[in-house]
Protein chains: 2
Amino acid sequence: MATEEFSVSISEAPVEEAEAGWKLHPANGADLRFLGVVRETENGRRIAGIDYSSYGPMAERELTAICRALREERPAHRVLIHHRTGFVPVGVASLLIRVGTPHSAEAFDLAREYLKRIKATVPVWKTIRYEIP
Amino acid sequence: MATEEFSVSISEAPVEEAEAGWKLHPANGADLRFLGVVRETENGRRIAGIDYSSYGPMAERELTAICRALREERPAHRVLIHHRTGFVPVGVASLLIRVGTPHSAEAFDLAREYLKRIKATVPVWKTIRYEIP
């Protein structure tokens, strides 16, 4: 779902695609983007990538609820969130959080809080695909 | 100046240009980008943009010193910093800070610390160009 103030999505689309329509807003002096990237090792072993799966509609509803809650608790801001699903190879982003705010301190606080809440409550599961040695 | 670990620049180039060669690194699970954007109002008045000027070599040396210091104080990370100079219109980014770290908490802490130190010590001056009413 998308409004002027927030847009959330969970799909197999790369984060770059989800982000393509985002424009800087002249009311916002700070634009902060967090990318969560698949790392090359897990538990000390080399991996090929991670398979992300979610029950899409429920995960999107939860993301939307997080955005609504933070927009009530915090000052006005714009936010774009995308969680990629399916297989994501090492070195590629699986999560995008982008926040626009008038001043920089709010952008850091908000992006961090979005990340924390997404990790805590959004139903996305990961299966690590190890490299065959 | 540029190394594998950090790259700093101050010039009239748009931030998108300075950022073009940056690639996600598979050792880093977090990639955070801060953009400082010229806002549409200053002191309650509409503006057209901001003119940034600096004594280039000194400003680049100071940026480099900030990077060296933070790479000694903090865990390993990659960082890219660009400050645009000349006239930057409303809604366009004048400052880019991009940080790659293994985990997300470090990325937020570092980007914030870079921003704080840049604002405090890098010799870049701004002249606001108000809109003619």
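Restricting attention to region A:110-133, report how many residues are of a type in the set (D, E) and in contact with a strand residue (DSSP E or B) (Cβ under 9 Å, 6 or more places away or on another chain). Talk me through it step by step, then tell me what you get.
Pass one, region A:110-133, residues of a type in the set (D, E): A:113, A:131.
From what's left, in contact with a strand residue (DSSP E or B) (Cβ under 9 Å, 6 or more places away or on another chain): A:131.
Final tally of qualifying residues: 1.
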Checklist line | Any pair with Cβ under 6 angstrom, 6 or more apart, that starts in region B:86-99 at a residue that is farther than 29 Å from B:H25 by Cα and more than 9 Å from chain A (Cβ to nearest Cβ) and ends at one that is surrounded by 20 or more Cβ atoms within 10 Å (Cβ to Cβ) and among the hydrophobic types (A, V, I, L, M, F, W, C) | finding: B:V88/B:V38; B:V88/B:I50
Next item on the list: Filter region B:11-32 down to the residues that are of a type outside the set (G, A, S) and under 23 Å from B:G56 (Cβ atoms), then identify the one that is farthest from the other protein chains (Cβ to nearest Cβ).
Entry: B:E12
Margin query: What's the total number of residues in region B:22-52 that are touching a strand residue (DSSP E or B) at 6+ places or on another chain (Cβ under 8 Å), within 27 Å of B:A107 (Cα to Cα) and without any contact (Cβ under 8 Å) to a residue 40 or more places away in the chain?
Written below: 1
Checklist line | Residue tally, condition buried (at least 18 other Cβ atoms within 10 Å of the Cβ), of a type in the set (V, I, T) and within 14 Å of chain B (Cβ to nearest Cβ), over region A:40-73 | finding: 2
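Is region B:1-10 home to any residue that is more than 10 Å from chain A (Cβ to nearest Cβ), hydroxyl-bearing (S, T, Y), exposed (fewer than 14 other Cβ atoms within 10 Å of the Cβ) and free of Cβ contacts under 8 Å to residues at least 12 places away in the same chain? I'd like the intermediate steps shown before the answer.
Here is the first cut: in region B:1-10, the ones more than 10 Å from chain A (Cβ to nearest Cβ) are B:1-10.
So of that shortlist, the ones also hydroxyl-bearing (S, T, Y) come out as B:3, B:7, B:9.
Still in the list and also exposed (fewer than 14 other Cβ atoms within 10 Å of the Cβ): B:3.
Then drop every residue that is not free of Cβ contacts under 8 Å to residues at least 12 places away in the same chain, which leaves B:3.
Looking through region B:1-10, at least one residue is more than 10 Å from chain A (Cβ to nearest Cβ), hydroxyl-bearing (S, T, Y), exposed (fewer than 14 other Cβ atoms within 10 Å of the Cβ) and free of Cβ contacts under 8 Å to residues at least 12 places away in the same chain.
The rows are residues; the columns are (1) at negative phi; (2) under 14 Å from the mean Cα position of the chain (by Cα); (3) in a helix (DSSP H, G or I).
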position	(1), (2), (3)
A:D51	yes, no, no
A:M58	yes, no, yes
A:L63	yes, yes, yes
A:I66	yes, yes, yes
A:E72	yes, no, yes
A:V79	yes, yes, no
A:F87	yes, no, no
A:L95	yes, yes, no
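Do you know which residues across region B:53-68 are of a type in the set (A, V, I, L, M) and free of Cβ contacts under 8 Å to residues at least 24 places away in the same chain? Before you say what the answer is, go through the steps one by one.
Here is the first cut: in region B:53-68, the residues of a type in the set (A, V, I, L, M) are B:58-59, B:63, B:65-66.
If the condition is that a residue be of a type in the set (A, V, I, L, M) and free of Cβ contacts under 8 Å to residues at least 24 places away in the same chain, then B:A65 is the only one that fits.
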Next item on the list: Filter region A:100-133 down to residues that are more than 10 Å from chain B (Cβ to nearest Cβ) and of a type in the set (D, E) and give me whichever is surrounded by the most Cβ atoms within 10 Å (Cβ to Cβ).
Entry: A:E106
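Read the figures in this text as sums done on the coordinates, not as results from a lab. Because the structure is predicted, anything quoted here is derived from the model rather than measured. A quick note on method: Cβ atoms are made from the backbone with ideal geometry, for glycine too, and the neighbour counts reach across all protein chains shown.
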